[in-house]
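*Asks:* Below you will find the structure I want to go over with you.
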Amino acid sequence: MFAGMSLIAGTIVLLWFAPDAYSIYKALHVLAIVVWVGGDISLTTLGIVFERRRDGETLAAIGKAGAWIGTRVYTPALFAAFAFGVALVEKGGLGWGRFWLDFALVGWAIAATVGVGFVGPELGRIDRAAQASGPESEEVRRRVARLFTVFRFDTVLLMLIVLDMTAKPSF
């Protein structure tokens, strides 16, 4: 509770003294990206480690935690990243139709669709299968293997978007 209140108070103080709205949008955009992409990398890394160890029980726990945090933290963060990104483009007068923006928007749309449309529901299915058949069951193993293939793709895509947005290549 104290940490949450401290974060809110600190955010208000820091943003209060921001030089302009663009700086505030940029700070919130970057914060949302850190939460979303950082969470993705963390879950993917944990999943790969425990998949290689063939630790079905821990994988089931990671899946359950991932389903919980995904809907409550990562999904809101991905939409906040998008909203503040659009605000940055508009407020900063950057204009649309630049490669780095187009790449980021397409990548965001793919990652959002995969995350909300597949990963979240699949984590729920894995949790139910683990409860019904046990964390070491063939169904759980098959679903986890498929999920981590998708996670690897999604993590690489998100990292490429971060690189794209920081380097801003133009072709």
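*Asks:* Given the options I48, I33, name the one that is modelled with pLDDT under 95 and either closer than 17 Å to V156 by Cβ or open to solvent by less than 50 Å² (accessible area, probe 1.4 Å) (or both).
*Replies:* Exactly one of I48, I33 is modelled with pLDDT under 95 and either closer than 17 Å to V156 by Cβ or open to solvent by less than 50 Å² (accessible area, probe 1.4 Å) (or both), namely I48.
*Asks:* For A104, are the conditions met, namely being over 21 Å from the mean Cα position of the chain (by Cα) and touching a residue at least 40 places away in the same chain (Cβ under 8 Å)?
*Replies:* no
*Asks:* Consider T155 carefully, then state whether it is on the phi < 0 side of the Ramachandran plot, of a type in the set (S, T, N, Q) and within 16 Å of the chain's Cα centre (by Cα).
*Replies:* Yes; evaluated as a whole, the condition is true for this residue.
*Asks:* Checking F171 against (1) surrounded by fewer than 19 Cβ atoms within 10 Å (Cβ to Cβ); (2) in a helix (DSSP H, G or I); (3) among the aromatic types (F, W, Y), which test does it fail?
*Replies:* Of (1) surrounded by fewer than 19 Cβ atoms within 10 Å (Cβ to Cβ); (2) in a helix (DSSP H, G or I); (3) among the aromatic types (F, W, Y), only one is false for F171: (2).
*Asks:* Let me ask another. List pairs: first in the range 1-26 and under 28 Å from G93 (Cβ atoms) and part of a helix (DSSP H, G or I), second open to solvent by 70 Å² or more (accessible area, probe 1.4 Å) and aromatic (F, W, Y), Cβ under 7 Å, 6+ apart or cross-chain?
*Replies:* Going by the 7 Å Cβ cut-off, there are no qualifying pairs.
*Asks:* I've got another one for you. Return the only residue of L147, L163, L157 being without any contact (Cβ under 8 Å) to a residue 60 or more places away in the chain, surrounded by 14 or more Cβ atoms within 10 Å (Cβ to Cβ) and part of a helix (DSSP H, G or I).
*Replies:* Answer to the check: L157.
*Asks:* Please go through the range 84-130 and give me each residue that is in contact with a helix residue (DSSP H, G or I) (Cβ under 8 Å, 6 or more places away or on another chain), open to solvent by 70 Å² or more (accessible area, probe 1.4 Å) and not in a helix (DSSP H, G or I), ordered by number.
*Replies:* W96
*Asks:* Given the conditions (1) assigned to a helix (DSSP H, G or I); (2) open to solvent by 80 Å² or more (accessible area, probe 1.4 Å), report the number of the one that R54 does not fulfil.
*Replies:* The single condition R54 does not satisfy is (1).
*Asks:* Further, regarding this structure: In the range 57-83, which residues are small (G, A, S) and surrounded by 18 or more Cβ atoms within 10 Å (Cβ to Cβ)?
*Replies:* Answer for the range 57-83, where residues must be small (G, A, S) and surrounded by 18 or more Cβ atoms within 10 Å (Cβ to Cβ): A60, G63, G66, A67, G70, A77, A81.
*Asks:* Which members of the range 36-45 meet the condition of being without any contact (Cβ under 8 Å) to a residue 40 or more places away in the chain and either crowded, with 16+ Cβ neighbours inside 10 Å or not in a helix (DSSP H, G or I) (or both)?
*Replies:* Here is the first cut: in the range 36-45, the ones without any contact (Cβ under 8 Å) to a residue 40 or more places away in the chain are 38-39, 42, 45.
Across the range 36-45, the qualifying residue is only G39.
The values are calculated or read from the model by the stated rules, or taken from the named source; none is laboratory data. Predicted model, so just to flag it, every value in this text is computed and none were measured. Don't worry about glycine lacking a Cβ; one is built from the backbone with ideal geometry, like all the others, and counts go over all protein chains shown. SASA here: full protein model, heavy atoms, side chains in, ligands and nucleic acids out. Shrake-Rupley method; radii C 1.70, N 1.55, O 1.52, S 1.80 Å.
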